[in-house]
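Asks: Got a structure for you, written out below as structure tokens; questions coming shortly.
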Amino acid sequence: MQPKIYPVDEHKIAPDKIDTHAFYVIQKLRQAGHKAYLVGGGVRDLLLGACPKDFDVSTSAKPEEIKALFRNAILIGRRFRLAHIRFGKKVIEVSTFRSGATEEAGLIVRDNEWGSEEQDVLRRDFTINGLFYDPESQKVIDYVDGYPDLEKKILRTIGKPDIRFTQDPVRMIRLIKFCARFNFEIHHPTFEALLSCKGEILKSSQARIFEELLRMLESGSSKAFFHLLNEYGLLKALSQPMAVYLDRPNNVSLQLLSAIDDEVRKNVPLDRSFLLAALIFPLFQENVMERSKRETLHLGQIAEMAHRTIDQVFHPFFNIPRRMRGIMGFIMTAQFRLVPLDGKVRKPRPPRDPFFPHALHLLKLRASIDPTLLPHYTLWTEASFDAHELAELPPKRRRRKRRRRRGNEEPV
Ligand code: ATP
Ligand code: MG
């Protein structure tokens with residue numbers, strides 16, 4: 001099939017936006033007689049006038065040939081190898097053209113094979129992600145009608161959507177991610193297939209879905225993403241308790257995600273455990289409030305409840321790493337130390353836990369939604385500042401000033 005070619009005067013890619021290392025990699029591959037293009041999300045973002053976060057190169061060169069050309073290349077992946085070419089902290093991912101788009105329905109379990117440049121785009125997920133860019137001639141090469149879809153702001157699978165979703169259900173999560181991020185419309189047959197295939201999501205790898213969810217929490221569009229994930233019925237399959245909670249009008253989770261999106265857009269660095277803790281804290285808080293009506297709770301019991309809530313929300317599908325689970329539990333429990341259930345304001349004694357600043361940060365976000373929490377946040381921030389100053393003092397003076405730490409047994 002002949003691709004459509006869009007020359008330099010028909011698209012908006014400014015040559016100075018192309019990463020110089022990606023350009024160098026492409027040139028060097030070509031000088032060695034191979035084909036090489038920029039491909040995927042990088043081309044899409046350049047055409048949208050955005051700054052791509054990574055540049056991927058697709059080439060006819062085989063992994064060993066890439067490795068032989070670049071001293072700074074390492075091959076990754078066991079059966080299907082890619083080259084990572086490192087320039088300081090930056091990595092340019094170079095993959096060999098491969099095939100993989102079949103008409104067969106059902107989960108793809110085997111690896112696909114080397115292919116032509118056309119096959120390499122046909123195996124990709126959405127038309128907007130299936131464009132090549134040749135930085136030398138400055139042409140966009142389009143085998144899949146991705147360019148007009150980008151212009152019309154349409155999300156459409158490459159190939160039949162139901163087959164593409166059952167082959168790799170993670171594509172449904174990716175569809176919602178692009179919908180949330182770009183606010184594009186979903187092409188009707190693709191949308192129908194999303195609704196009919198949503199149950200397939202449980203057949204995919206939990207690790208890949210978990211990674212996509214974390215990336216979305218870090219994306220600056222997390223509110224729209226989780227809202228759509230729930231609206232289109234996928235969240236229910238992945239986490240029933242979270243779906244039930246997000247169905248409530250004015251639920252606090254979506255408000256917290258909106259506050260997080262604002263911070264991400266201001267480049268505030270946010271820890272992944274913190275983001276997950278923020279997502280589920282409002283649901284957890286409701287459980288704690290409910291139980292506290294019947295009995296007096298102390299922090300140890302609240303910590304147990306936090307771990308149980310993490311399990312309920314994420315099991316059986318997700319497997320949260322132990323360390324992450326520990327930090328989430330700490331951040332969620334600490335909220336009841338920062339704002340005790342009995343409402344009494346006690347003299348704050350900031351713990352020296354390294355994750356305490358995350359707990360305080362969550363309180364800050366909660367206070368941006370509920371101003372009655374603001375005095376608590378101010379009090380604890382000032383106390384942490386004092387504690388920090390105290391820690392800087394020489395040990396002798398510090399000992400005199402420090403008071404005995406409170407245990408976990410005190411009612412809150
Ligand atoms: P982001 O901006 O979030 O990185 P992206 O589209 O670049 O989005 P990547 O995970 O970096 O996503 O993938 C790079 C490219 O690989 C995609 O643009 C797409 O062409 C292809 N791709 C990624 N995941 C899939 C998939 N599940 N099925 C088919 N093609 C995929
Ligand atoms: Mg990418």
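Asks: Using a 10 Å cut-off on Cβ atoms, rank the peptides 344-352, 329-337 from the highest mean neighbour count down.
Replies: 329-337, 344-352
Asks: Given the C-alpha centroids of the stretch 188-249 and the stretch 319-362, what is the distance between them in whole angstrom?
Replies: Using only Cα atoms, the two centres lie 28 Å from each other.
Asks: Measuring from label point to label point, each 7 Å out along Cα→Cβ, what is the Thr102 to Val8 span in nm?
Replies: 4.3 nm
Asks: Roughly how many Å² is the accessible area per residue of the chain, as a whole number, for a 1.4 Å probe?
Replies: I get 51 Å² per residue for this part.
Asks: At 0.36 nm per residue, minus the direct Cα-Cα distance, what do Arg294 and Glu65 gain on full extension? Give it in nm, one decimal, please.
Replies: So the chain would gain 75.6 nm between Arg294 and Glu65.
Asks: Past 28 Å, Cα to Cα: identify those pairs from Lys4/Lys152; Lys28/Lys89; Lys28/Lys90; Lys35/Lys153; Lys4/Lys28; Lys266/Lys347, in the order given.
Replies: Lys35/Lys153; Lys266/Lys347
Asks: Once label points are set 7 Å from the Cα along Cα→Cβ at both Lys266 and Glu185, what is their separation, rounded to one decimal in nm?
Replies: That separation, rounded to one decimal, is 3.6 nm.
Asks: Check cross-link reach from Lys139 to the aspartates and glutamates: straight Cα distance under 12 Å, and skip same-chain residues fewer than eight apart.
Replies: The qualifying aspartates and glutamates are Asp9, Glu10.
Asks: Just report the Cα centroid separation between the stretch 363-379 and the stretch 28-96, whole Å.
Replies: Result: 46 Å between the Cα centres.
Asks: Here's something else I'd like to know. If R0 is 30 Å, what FRET efficiency do you get for Trp114 and Asn250 from their C-beta distance, rounded to 0.05?
Replies: 0.05
Asks: Something else now. Round to the nearest 10 and give me the degree value, 0 to 90, for the angle of helix 20-31's Cα axis relative to the longest principal axis of the chain.
Replies: It is inclined by approximately 30 degrees.
Asks: Next up: Placing one identical point scatterer on every Cα of the stretch 65-206 and ignoring solvent, what is log10 I(q)/I(0) from the Debye formula at q = 0.10, 0.15, 0.17 Å⁻¹?
Replies: -0.40, -0.88, -1.09
Asks: So for the pair Arg208, Lys344, with labels modelled 7 Å out along Cα→Cβ, what separation do we get in nm?
Replies: 5.4 nm
Asks: Just want to confirm a number: the relative contact order over the chain, from Cα pairs under 8 angstrom separated by 6+ residues, in percent.
Replies: Once normalised by length, the contact order is 10 percent.
Asks: Roughly speaking, to the nearest percent, how much of the stretch 1-152's 1.4 Å accessible area is carbon and sulfur?
Replies: Looking at the stretch 1-152 in its full context, I get 50 percent from C and S.
Asks: Among Ser222, Ser384, what's the order by accessible area (1.4 angstrom probe), most exposed first?
Replies: Solvent-accessible surface, decreasing: Ser384, Ser222.
Asks: Principal axis extents for the chain, Cα atoms only, whole Å, descending order, please.
Replies: 75, 52, 39
Asks: Give the peptides 263-274, 118-129, 189-200 in descending order of average Cβ contacts within 10 Å, highest first.
Replies: The densest-packed peptide leads the list: 118-129, 189-200, 263-274.
Asks: Let me ask you something else. Can you tell me the 0 to 90 degree angle between the C-alpha axis of helix 188-197 and the longest principal axis of the chain, rounded to 10?
Replies: 60 degrees
The values are calculated or read from the model by the stated rules, or taken from the named source; none is laboratory data. All values derive from a computational prediction rather than experimental measurement. Methodologically, a virtual Cβ is constructed for each residue, glycine included, from the backbone with ideal geometry; neighbour enumeration extends over all protein chains shown. Surface areas here come from the heavy atoms of the whole protein model, side chains and all, with no ligands, DNA or RNA. Shrake-Rupley method; radii C 1.70, N 1.55, O 1.52, S 1.80 Å.
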